[in-house]
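The values are calculated or read from the model by the stated rules, or taken from the named source; none is laboratory data. Here the structure is a predicted model, which is why all the values come from computation and not from measurement. Cβ placement follows ideal geometry from the backbone for every residue including glycine, while neighbour counts extend to all protein chains displayed.
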Amino acid sequence: MDRCIVLVDAGYLLGAAASLLAGEPSRSRITVDHTALVQGLRDRAESDTGRPLLRIYWFDGAPDRVPQPEHRRLRVMPRVTVRLGALTRSDGRWAQKGVDAAMHAELTELARNRACSDVVLVTGDGDLLPGMMAAKEHGVAVHLWAVQAADGDYNQSEDLVAEADERRVLDRAWITGAVRAKEDHSGVCAPSPAARPEIAAILSAPLPESAPAPGERPAPQEPPHPDTAGHNGTGERAPAAKGVPTPKDLAALRGPGVPHPQPPQSATLRWSSDKGWVDRPVTEPPEAASMPTLAQLTTAEQRWADREEDITTVGGDPFEVGQVFARRWVERLGDPAGIRKLAGMYPRIPHRVDGELLRYAARFGLLAHKDDQIDERDRYAIRAGFWRELDVRTGTDRAPVGD
């Protein structure tokens, strides 16, 4: 039939784009606008082949083949079908398993059934050579697209390049229409975004507790700045320090009639969901503990609409995630007094609401290093977004603290 189909090896496309823009093939170094990327692939395929698009097949790997946030967003886009292989870790590196086999099977099946007249392959793996040859034998024209190589050389199998009917290079200008580097580590990436004043305000906010009375247990040393906290200087997360008291430890040390020790005013603000020292009373005030969670305020119909919005609209930026959560919470509470009460607790989010906020953020792939923990810098950005949205809703004007 006179239609074109695009088969995309996401590992190749995004890995090569990361090498080109960020200097290394790690996909964590780039930010992808999947809507713009899919539209760009569609426009380019229809232009190159002169045929209307039937479908884009997106092949990628995922741990246990469980769709990740980007896969959930992609699979609800028009004319996009997601096929997942396994993602396994070996010798400290992630590798896809089954993706090439799935692409080969799809390519040969489409050609055998004459589902299209032209197939666009965005891949560099020579394992697809037999599938390409089989498609050509069924009368399908095969277009092979490459991502511009960072070193100017080939980043595709030479046999694959030689067998293709038509070839095209997606250059830097095309790639940057939907992909950008996250931060500058080696001088080849885009500059890091400027620090948000809202985050600085939360970090610098004073604690309401008074200084500890003589004889009370002193707080441990102040943790480092969130840009460096939890890292050992090599980019890897360092293990948590031993011997840091938790609320449970303090409760065990507290004897009859002995008040809870209070942290000094100079202590850095932390939250109940963070590891280590928690600078808040072991028992929250009644007004904080009574704050309803978003789940309690959400109906079944709203939950369905939230999921659709998360998939199709919310990009996953930590600050944006906090704003979306706060917007829903405020709109559904509908109690101005309750909203003002929460605003008066700044910069502390009640324990139950804070935990729910971080669980919501984890849906957007913000877990660091696959260790089921959100990076500390992202946690500050999530909470800053929450407070920023609350300030907008309540008309509060908080002056940024520090530069």
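Among VAL353, VAL324, VAL330, VAL314, which is the only one that is hydrophobic (A, V, I, L, M, F, W, C) and modelled with pLDDT under 85?
Selected residue: VAL314, the only one of VAL353, VAL324, VAL330, VAL314 that is hydrophobic (A, V, I, L, M, F, W, C) and modelled with pLDDT under 85.
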With the condition kept exactly as written, say whether any residue in the stretch 87-102 is crowded, with 17+ Cβ neighbours inside 10 Å, within 23 Å of VAL169 (Cα to Cα) and not assigned by TED's automatic domain parsing to the domain that holds ASP317.
-> yes
When restricted to ASP153, ASP125, ASP91, the only residue closer than 22 Å to PRO63 by Cα and out of contact with any strand residue (DSSP E or B) (no Cβ under 8 Å at 6 or more places or on another chain) is ASP91
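Tell me which residues, restricted to the stretch 16-30, are over 20 Å from ASP125 (Cβ atoms) and not hydrophobic (A, V, I, L, M, F, W, C). Break it down into steps so the answer makes sense when it comes.
First, the residues of the stretch 16-30 that are over 20 Å from ASP125 (Cβ atoms): 21-23, 28-30.
Within the stretch 16-30, GLY23, SER28, ARG29 meet the criteria.
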Of the conditions (1) part of a helix (DSSP H, G or I); (2) more than 22 Å from ARG167 (Cβ to Cβ); (3) not hydroxyl-bearing (Ser, Thr, Tyr), the single one that GLY11 does not satisfy is (2)
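Restricting to the stretch 310-332, what's the tally of residues that are under 23 Å from HIS71 (Cα atoms) and surrounded by 12 or more Cβ atoms within 10 Å (Cβ to Cβ)? Give the derivation first.
So the first thing to find is which residues in the stretch 310-332 are under 23 Å from HIS71 (Cα atoms), and the list is 310-325.
Next, from what is left, pick out any that are surrounded by 12 or more Cβ atoms within 10 Å (Cβ to Cβ): 310-312, 314-325.
Final tally of qualifying residues: 15.
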Among the strands (runs of 3 or more DSSP E) contained in the stretch 52-97, which hold 2 or more residues that are among the aromatic types (Phe, Trp, Tyr)?
-> 53-62
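Suppose we filter ARG72, ARG55 for residues that are over 14 Å from ILE5 (Cα atoms) and surrounded by fewer than 20 Cβ atoms within 10 Å (Cβ to Cβ); which single one remains? If you could, list the steps in order and put the result at the bottom.
Values: ARG55 fails: over 14 Å from ILE5 (Cα atoms).
So the residue among ARG72, ARG55 that is over 14 Å from ILE5 (Cα atoms) and surrounded by fewer than 20 Cβ atoms within 10 Å (Cβ to Cβ) is ARG72.
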Note on the stretch 105-132: residues charged (D, E, K, R), in a helix (DSSP H, G or I) and in contact (Cβ under 8 Å) with a residue 12 or more places away in the chain are GLU106, ARG112, ASP127
